[in-house]
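K.L.:
Sharing a structure, written as structure tokens. Questions coming.
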Amino acid sequence: MKQLPSDVVPYKRTPIFDEQSVPKGLLKEHQTKESVWGKIIILDGKLQYTINEPENESIILDSGNVGIVEPTIRHEVRPLGKVRFFVEFYK
């Protein structure tokens, strides 16, 4: 898993989502803007995080594993049963 660069700082975060409230836009391919990093933080349960480029890679996230979203890289998530998570954004 990628790491956040040491020079980025958090500037906002999403509300806490669960398997029913996760926005539909996160369930299909999407991306962050240039220079915007994301950190997917799981509170409970599991989430499949799929990075669609440059090659397809799926990672199962849980409370011990965060997902790092690189700027402009297409990705999507899928709840694996009950889950609670949020996303922090960094610049």
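The values are calculated or read from the model by the stated rules, or taken from the named source; none is laboratory data. Computed from a prediction, not measured in an experiment: that's the story for all the values here. Glycine gets a Cβ as well: all are built from the backbone with ideal geometry, and neighbour counts include every protein chain shown.
K.L.:
Give all pairs with beta carbons closer than 8 Å in which a residue from segment 61-84 that is at positive phi and at pLDDT 95 or above meets a residue that is surrounded by 15 or more Cβ atoms within 10 Å (Cβ to Cβ) and among the β-branched types (Val, Ile, Thr); count only pairs at least 6 apart in sequence or on separate chains.
P.N.:
Final answer for the pair search is 72/32.
K.L.:
Next question, about the same structure. Look through 12, 46, 33, 2 and report the one residue that is part of a strand (DSSP E or B), of a type outside the set (Asp, Glu) and farther than 16 Å from residue 80 by Cα.
P.N.:
On the way: 46 fails: farther than 16 Å from residue 80 by Cα; 33 fails: part of a strand (DSSP E or B); 2 fails: part of a strand (DSSP E or B).
That would be 12, the only listed residue that is part of a strand (DSSP E or B), of a type outside the set (Asp, Glu) and farther than 16 Å from residue 80 by Cα.
K.L.:
A further question follows. How many residues are among the β-branched types (Val, Ile, Thr), out of contact with any Leu (no Cβ under 7 Å at 6 or more places or on another chain) and under 19 Å from residue 4 (Cβ atoms) when one looks only at segment 48-91?
P.N.:
7
K.L.:
Further, regarding this structure: Please specify each residue of segment 50-81 satisfying the condition of being under 10 Å from the mean Cα position of the chain (by Cα) and β-branched (Val, Ile, Thr).
P.N.:
Correct list: 50, 51, 66, 68, 69, 77.
K.L.:
If you take the residues of segment 77-91 that are part of a strand (DSSP E or B) and basic (Lys, Arg), which of them is nearest to residue 66 (Cα to Cα)? Let's see the steps before the verdict.
P.N.:
Of all residues in segment 77-91, those part of a strand (DSSP E or B) come to 77-90.
Okay, now just the ones that are also basic (Lys, Arg), so 78, 82, 84.
Working: 78: 14, 82: 17, 84: 13 Å.
My answer is 84.
K.L.:
Also, quick follow-up: Within segment 28-47, which residues are farther than 14 Å from residue 1 by Cβ and surrounded by 14 or more Cβ atoms within 10 Å (Cβ to Cβ)? Steps first, answer last, please.
P.N.:
Residues of segment 28-47 that are farther than 14 Å from residue 1 by Cβ, as a first pass: 28-36, 43-46.
Of everything in segment 28-47, those that are farther than 14 Å from residue 1 by Cβ and surrounded by 14 or more Cβ atoms within 10 Å (Cβ to Cβ) turn out to be 30, 31, 32, 36, 45, 46.
K.L.:
Here's a follow-up. If I ask for residues that are over 13 Å from residue 89 (Cβ atoms), surrounded by 15 or more Cβ atoms within 10 Å (Cβ to Cβ) and β-branched (Val, Ile, Thr), which ones from segment 4-27 would you list?
P.N.:
Residue satisfying the conditions is 22 alone.
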